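Asks: Here it is: the structure, laid out below.
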Amino acid sequence: MSRVKIMRKHIVAGNWKMNNGLVQTTTLISELKQQVKTSDAEVMIAPSFTNLWHAFEATRQDDIEVVAQNMHFAENGAYTGEVSAGMLKSLGIKTVILGHSERRAYFNETDEALAKKIDTALANGMRVIFCFGEELSDRKAGKHEEVVKGQLVNALCHLKAEDFEHIVLAYEPVWAIGTGETATPEQAQDMHAFIRNLFRERYDANVADNLSILYGGSVKPNNAKEIFSKPDVDGGLIGGASLKAEDFYAIVNAF
Ligand code: PGA
């Protein structure tokens, strides 16, 4: 039996959401550049569309990847207010976050629309950070695994095994986002192991063991180490704490 070589990466990505204009973006990036990375984690930041170019230029020489928070599934056309994969690529952006629970809740993004966005991103050679997670009511009803499985199968399981080289997963229980309430490290580990197992069953050990699965939801400097110490947690998607350079790097260095 051939042994599977595990290559999965540690990633800490800061999702700035709808925060920071040009001046704050400039300031935060210069503060981030003063921080020292002592871990092996890949560092990403996701500013708003309007600041992507500036952020990209400002981090050109640095070990920080600038990524987008969203994109449309069409290549171009009459979609007022939307941004395409080609537009992101034209700036040099190589990674896009898709399926964040705020997009699902406030902008009606469905699994079907997300599957189309994923296909477009991959067709454009981009990497996707795909977010998903259950609501509090799902967890209380003991349906969290079923809900997460549905989100993953609907959006991702039409892909080929080799496509997963370009997919990063971000498990974000909705009840933990921006609430200060974090999943316990055990809850995160249990779900991440469940997810990895799902991909082992649907695909193979190679896909499962090489998938980076990030946890998101109120990760802070004081809880990151414990969450990241779990074997199936490969990093974090950080909201609130990514808006302060020191806190963000304390999390980056928690590996
Ligand atoms: P939070 O957000 O860290 O503020 O909970 C996480 C996210 O929405 O990605």
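The values are calculated or read from the model by the stated rules, or taken from the named source; none is laboratory data. If you're wondering where the values come from, they're calculated on a predicted model, not measured in any experiment. Glycine also receives a Cβ, built like all others from the backbone with ideal geometry; neighbour counts cover every protein chain displayed. Just so you know, the surface numbers come from the protein's heavy atoms only, side chains and all, with ligands and any DNA or RNA stripped out. Shrake-Rupley method; radii C 1.70, N 1.55, O 1.52, S 1.80 Å.
Asks: Name every residue in the stretch 10-40 that is among the aliphatic types (A, V, I, L, M) and either farther than 16 Å from ALA55 by Cβ or within 16 Å of the ligand (Cβ to nearest atom) (or both), in order of residue number.
Replies: Within the stretch 10-40, ILE11, VAL12, ALA13, MET18, LEU28, VAL36 meet the criteria.
Asks: Does ALA105 meet the test of being touching a helix residue (DSSP H, G or I) at 6+ places or on another chain (Cβ under 6 Å) and either assigned to a helix (DSSP H, G or I) or of a type in the set (S, T, N, Q) (or both)?
Replies: no
Asks: Could I ask something else about it? Can you pull out every residue in the stretch 68-102 that is in a helix (DSSP H, G or I) and either within 24 Å of LEU152 (Cα to Cα) or charged (D, E, K, R) (or both)?
Replies: Those that are in a helix (DSSP H, G or I) and either within 24 Å of LEU152 (Cα to Cα) or charged (D, E, K, R) (or both): ALA85, LYS89, SER101, GLU102.
Asks: Of the numbered conditions (1) away from the ligand (no atom under 16 Å from the Cβ); (2) of a type in the set (D, E, K, R); (3) in contact with an Asp or Glu (Cβ under 8 Å, 6 or more places away or on another chain); (4) within 22 Å of VAL252 (Cβ to Cβ), LYS220 satisfies every one except a single condition; which is it?
Replies: LYS220 satisfies every listed condition except (1).
Asks: Filter the stretch 126-142 down to residues that are at positive phi and either in contact (Cβ under 8 Å) with a residue 40 or more places away in the chain or within 9 Å of the chain's Cα centre (by Cα) (or both), then give me how many there are.
Replies: 1
Asks: Here is a further query. Search the stretch 82-101 for residues being among the β-branched types (Val, Ile, Thr) and within 16 Å of GLU42 (Cβ to Cβ), and hand back the single one that is nearest to the ligand (Cβ to nearest atom).
Replies: Applying the filter and picking the extreme gives ILE97.
Okay, residues lined up against (1) open to solvent by 60 Å² or more (accessible area, probe 1.4 Å); (2) away from the ligand (no atom under 16 Å from the Cβ):
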position	(1), (2)
ASP111	no, yes
LEU114	no, no
THR120	no, yes
GLU134	no, no
ALA141	yes, yes
VAL147	no, yes
